[in-house]
Amino acid sequence: MTLKAVLFDFNGVIINDEPIHKQLIEQLLIEENLRPKRGEFRQFCLGRSDRACINELFASRGRVLSEGYLTQLIVRKAQAYQQHLETLETLPIYPGLEDFIFKLQAAGLKMGVVSGALRVEIESVLNRAQLAQHFPVIVAGDDITTSKPEPDGYLLAVERLNQQYPELDLKPWECLAIEDTPAGIQAAYHASMQVVGVANTYPFHMLQRQASWTVDYLADLELDRVQQDYEQAMIEQKAG
């Protein structure tokens, strides 16, 4: 088993925008004559797509949304997100991300993004941060009908990387996922991937109980050690 690709979550891993999403979701609820409740954003939204988040927030209040109206709410929130980012002089990209990406490039690893965020949000941030060229494959919330912790997004990313690089012959277990939430970690595991939990959103000790490796910052991840662990797993598999 060789490490061939690294798949990044977006919100909470590439960009520190969870507080922005929380504010916009609460604003959306208020516009719909609903009162935001303490702790519900973390319960229903962290690590999950806007579709799943909004749907469950309304369902918890006994409101069933038609598919058409749910889509309208998602679009409204996405427009508000874009407008908010336009007011920021500098995007809140996590420190050390670019250096980590260069390490992965130097190691010859392919990269992709797997997120519940909308494609327009991901692409606009990556383009503005001049990071888009590093991520030839993006699986966004509008590419799939399920949300993390389901593995569909990660499995689709493997499929698309193989389409982009046929010679790669990539298998899910040859990928490393970078996640910041329990839902994301579970999605990667369900896809048969190892996971790095980065403590940007949840405490280190909470992620440590769930992820293969846990770090406070991406810069702390020892890539050589991770690659050695993959190689050791391959040796043990062959020996078995």
Apply the Karplus curve 6.51 cos²θ - 1.76 cosθ + 1.60, θ = phi - 60°, to the phi angles in the range 61-76 and return the couplings in whole Hz, x for Gly and Pro. 9, x, 9, 9, 9, 5, 4, x, 6, 4, 4, 4, 5, 4, 5, 4
Lysine pairs meeting the criterion (Cα under 24 Å, 8 or more apart or interchain), as found in the chain: 16
Using the per-residue mean of other Cβ atoms lying within 10 Å as a proxy for protection, in what order, highest first, do the peptides 23-31, 127-135 fall? 23-31, 127-135
With bins of 5 Å, the percent of all Cα-Cα pairs of the range 157-204 per bin from 0 is 5, 23, 24, 19, 14, 9, 5, 1
Leaving ligands, DNA and RNA out of it, report the carbon-plus-sulfur percent of the accessible area of the chain at a 1.4 Å probe. 48 percent
Taking each pair of distinct Cα atoms in the chain once, what is the resulting Kirkwood hydrodynamic radius in Å? 18.5 Å
Can you put ILE15, ILE138 in order of accessible area, largest first, using a 1.4 Å probe? ILE138, ILE15
About the Cα centre of the chain, how large is the charge dipole given +1 on each Lys and Arg Cβ and -1 on each Asp and Glu Cβ? Please answer in debye to the nearest 20. 640 debye
Using 7 Å Cα-to-Cβ label points, what is the GLU31/ARG119 separation (nm, one decimal)? 2.3 nm
Going residue by residue through the range 187-197, the Karplus relation 6.51 cos²θ - 1.76 cosθ + 1.60 with θ = phi - 60° gives ³J(HN,Hα) values, rounded to whole Hz and with x marking Gly or Pro, of 4, 5, 4, 5, 8, 6, 10, 7, 9, 9, x
Only Cα pairs under 8 Å and at least 6 apart count here; give the relative contact order of the range 77-232 as a rounded whole percent. 17 percent
Here the cysteines of the chain lacking a cysteine partner under 4.7 Å (Cβ to Cβ) are CYS175
Net charge around GLU167, counting only other residues with Cβ within less than 13 Å of its Cβ (Lys, Arg = +1; Asp, Glu = -1)? +1
For helix 152-164, what angle does its Cα long axis make with the longest principal axis of the chain, in degrees from 0 to 90 and rounded to 10? 50 degrees
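The values are calculated or read from the model by the stated rules, or taken from the named source; none is laboratory data. A quick note: this is a predicted structure, and the numbers were derived from the prediction, not measured. Note that we place each Cβ from the backbone using ideal geometry, even for glycine, and neighbour counts take in every protein chain shown. Side chains are part of the model used for accessible areas, which takes the heavy atoms of the whole protein and leaves out ligands, DNA and RNA. Shrake-Rupley method; radii C 1.70, N 1.55, O 1.52, S 1.80 Å.
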